[in-house]
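To start, the structure itself, in structure tokens.
The values are calculated or read from the model by the stated rules, or taken from the named source; none is laboratory data. None of the values given here were measured: they were computed from a predicted structure. No Cβ is skipped: glycine too gets one built from the backbone with ideal geometry, and neighbour counts run over all protein chains shown.
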Amino acid sequence: MRNFGVNLTRLAPGAVSALRHAHGLQDEFVDILEGTPTLVSDAGKTPLKPGMCAGFRGGSGDAYHLVNASDADVVFLELGDRLPGDSVIYPDDDLQAVRMDGAWRLSHKDGTPY
């Protein structure tokens, strides 16, 4: 498959899934399999548990990540499309990314490359 990705992710206690981010084009979907992560998004904090899912529409600007503040591992599936020309904003960090020619190009928010 070229335009569809699935990641099985295990977060140890105290870990986060990624920097809080929002995609310009890519839709993302998470399905919680084990544990009790907290979804942190622009709407605030939402506790999740096994069987719960969350979706993020590309271009919405709603930045998110999962935080494992529990004492047990969290396991979840992350699904998303891999559209050419996607971009990612990181509102809490001096970072932005653009997908070009199948690779991510990272830069500061002012456009200066890392």
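Of all the residues that make up segment 1-33, how many are among the small types (Gly, Ala, Ser) and either assigned to a strand (DSSP E or B) or touching a Ser or Thr at 6+ places or on another chain (Cβ under 6 Å) (or both)? Break it down stepwise before answering.
Filtering segment 1-33 down to residues among the small types (Gly, Ala, Ser) leaves 5, 12, 14-15, 17-18, 22, 24.
Filter again for either assigned to a strand (DSSP E or B) or touching a Ser or Thr at 6+ places or on another chain (Cβ under 6 Å) (or both), leaving 5, 22, 24.
So the answer is 3.
Give all pairs with beta carbons closer than 6 Å in which a residue from segment 83-110 that is modelled with pLDDT under 85 meets a residue that is surrounded by fewer than 11 Cβ atoms within 10 Å (Cβ to Cβ) and aliphatic (A, V, I, L, M); count only pairs at least 6 apart in sequence or on separate chains.
none
Does Tyr64 satisfy the criteria of being modelled with pLDDT of 90 or more, surrounded by 15 or more Cβ atoms within 10 Å (Cβ to Cβ), touching an Asp or Glu at 6+ places or on another chain (Cβ under 8 Å) and of a type outside the set (A, V, I, L, M)? Outline the logic, then answer.
Details: modelled with pLDDT of 90 or more: yes; surrounded by 15 or more Cβ atoms within 10 Å (Cβ to Cβ): yes; touching an Asp or Glu at 6+ places or on another chain (Cβ under 8 Å): yes; of a type outside the set (A, V, I, L, M): yes.
Yes: the conditions hold for Tyr64.
Identify the single condition in (1) loosely packed, with under 12 Cβ neighbours inside 10 Å; (2) not in a loop (DSSP other than H, G, I, E, B) that Pro84 does not satisfy, given that it satisfies every other one.
Just one mismatch for Pro84, condition (2).
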